[in-house]
Amino acid sequence: MVSAARTGALLLNWRRADLTLRCLHDLLAVPDEAMRILVIDNGSGADEVAALQRGVDEANAAGSVHRVELAALPDNRGFTGGMNHGIAWANAAALPFVLVLNNDLRLPPDFLRPLVGVLVNDVGVGAVGPTVLHPDGTVWAEGGRRAFVPNGLLLSRHGCLPTPREHGPEAVGFLPCACVLFRTEAVVAVGGFDDAYFMYWEDVDLCERLAARTFRIVWLPWVRVEHAAGQSSGGGRSPVRKFLMACNTVRYLRAHGTVAGWCAWLCCDVLAWPLTLLSGPRAAVAKWQGMWAGVRGHRAGAADVARLMPH
């Protein structure tokens, strides 16, 4: 018998209802852990909302153990604003766990129960996440940490074969929020995602604030999901991603930067910027603009996305 829902799953959409509904279908196929699922549209427009509503209605009519709702936000509030709306919803519903998801994931039916089990059995864990794979089976991330690299962030084992499933759980610096199960009470206590980041670096900031409250951030090697990264933002080399990542790298450094962090940014981002031209001139210019926008204290937002990705 499936127990009552204790997880609120947050599935954020922006102009990709096809991906969102595909991921929703994966969630509905989870047989052993009931969820309340909130599909959140970030101001994508009437056609997208209508497509999502049809999908939600069909899911509920099918008689699944999961209950699905739609929240259609009037504007693009970024990953942070959309997910903060969902976290408040989960908290109001007294759901002890909240699952943050990107809509370009493929999820196996057995992915959720082990994540829930960690939070149930260890109250010292504030967030737990799986191995996240590229579609080709190589690793996108097994957690991550800050490092002396471009953008200051290193996704563990990125591009490598995954760690064997028999490897024990491991504490990590942060979990990229493509797929993370948080303890709702802990996230609410630290104020949720910082809206000033809009998108990118918000996961690092949140995990570090949880760690400051003595919560551990844990990666599980025996749970694996698939992630086609950057579908809503146009891909990893898109101008919008380059701008937002560059801007928020400096935002983070302005708030929490060390001498080593600033040196890494100067060497790996500013001085090495000409290498970005290999990604194309538009991406390179967007990164340059993002770096100096960050230096000026610019707060990234929907206007930047509209300018760099207008259609």
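No lab work stands behind these numbers, since they all come straight from the coordinates. The shown structure was predicted, so the numbers you read here are calculated from the model rather than taken from an experiment. Heads up, the Cβs are rebuilt from the backbone with ideal geometry, glycines too, and the neighbour counts pull from every protein chain shown.
Between Val259 and Arg282, the simple label model (points 7 Å from Cα in the Cβ direction) yields a spacing of 4.2 nm. DSSP loop trypsin sites (Lys or Arg not before Pro) in region 260-296 with at most 11 other Cβ atoms within 10 Å of their Cβ, which ones? Passing both the DSSP loop test and the Cβ count: Arg296.
Tilt of helix 78-92 relative to the longest C-alpha principal axis of the chain, in degrees (0 to 90, nearest 10)? The helix 78-92 is inclined about 30 degrees to the chain. Modelled this way, with points 7 Å down the Cα-to-C-beta line, the labels at Asn60 and Asp122 are 3.7 nm from one another.
Which Cα, out of His227, Pro114, Gly152, lies furthest along the positive dipole direction of the chain (beta carbon charges, K/R +1, D/E -1)? Comparing the listed Cα positions along the dipole, Gly152 ranks first.
Shown in residue order for region 260-271 are the 3J(HN,Hα) couplings computed by the Karplus curve 6.51 cos²θ - 1.76 cosθ + 1.60 at θ = phi - 60°: 4, x, 5, 5, 4, 5, 4, 6, 8, 10, 6, 5 Hz (x for Gly and Pro). Under the criterion of Cα pairs below 8 Å and six or more residues apart, the relative contact order for region 138-285 equals 27 percent.
Against the chain, whose longest principal axis comes from its Cα atoms, helix 239-256 is set at around 80 degrees.
Length gained on full extension, Ala71 to Asp110: 11.4 nm, using 0.36 nm per residue less the C-alpha separation. Comparing Val100, Val259, Val250, which has the greatest mean-square fluctuation in the GNM of the chain with Cα pairs linked when under 10 Å apart? With Cα springs under 10 Å in the chain, the top fluctuation among Val100, Val259, Val250 is at Val259. What the phi angles of region 154-161 give under the Karplus curve with 6.51, -1.76 and 1.60, with θ = phi - 60°, is a coupling list of 10, 8, 4, 6, 4, x, 9, 6 Hz, glycine and proline written as x. Report note on the peptides 166-173, 64-71: ranked by the mean count of other C-beta atoms within 10 Å, highest first, their order is 64-71, 166-173. Compute the acute angle (0 to 90°) between the alpha-carbon long axis of helix 281-295 and the principal axis of greatest extent of the alpha-carbon atoms of the chain; round to the nearest 10°. Value to nearest ten degrees: 90.
What's the long-distance tail for region 154-295, i.e. % of Cα pairs beyond 26 Å? Present the calculation step by step, with values, prior to reporting the outcome.
Details: 3254 of 10011 pairs.
Looking at region 154-295, the distances longer than 26 Å represent 33 percent of pairs.
Label positions at Asp136 and Arg22, each projected 7 Å from the Cα along the C-beta direction, are separated by 1.8 nm. Using just its DSSP H runs of length 4 or more, each adding -39500 (n - 2.57), the chain gives a mean residue ellipticity at 222 nm of -11500 deg cm²/dmol after division by all residues.
For the chain, the relative contact order comes to 18 percent (Cα pairs under 8 Å, sequence separation of at least 6).
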